[in-house]
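Visitor: Dropping the structure in here first, questions after.
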Amino acid sequence: MIILTLLTGRAGMRYPEHLSAFRHGMENHQSLWLVWRLSLYTLLGWGSRKLFQATQHKPAYRTPLIRMMTASLLFLLLCEYALSGSMGGSA
């Protein structure tokens, strides 16, 4: 994931016009972007529920899983907040 982030940053530095066109495309198709994000979050929620159910009788695994899920949820909320601010507050 870190390598992908670094490569994306490098591509943005080398080809800013393409990154700008991608951003304008995202702004022009906000409803499709919203559907894409909601489907990803639905899939993540379903997977998390399955993991949570699988550890129902294993308390040693359940506490760290709850901690990881909470940290992941906070990270997702932070990313959504940053995204809504960068797209004019209408995401």
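The values are calculated or read from the model by the stated rules, or taken from the named source; none is laboratory data. Keep in mind it's a predicted model, so treat the numbers as computed, not measured. Don't worry about glycine lacking a Cβ; one is built from the backbone with ideal geometry, like all the others, and counts go over all protein chains shown.
Visitor: Has the stretch 56-68 got any residue that is surrounded by 11 or more Cβ atoms within 10 Å (Cβ to Cβ) and of a type in the set (Gly, Ala, Ser)?
Guide: No, because not a single residue in the stretch 56-68 is surrounded by 11 or more Cβ atoms within 10 Å (Cβ to Cβ) and of a type in the set (Gly, Ala, Ser).
Visitor: Considering the stretch 67-91 alone, what residues qualify as being more than 18 Å from residue 41 (Cβ to Cβ) and at pLDDT 90 or above?
Guide: Answer for the stretch 67-91, where residues must be more than 18 Å from residue 41 (Cβ to Cβ) and at pLDDT 90 or above: just 67.
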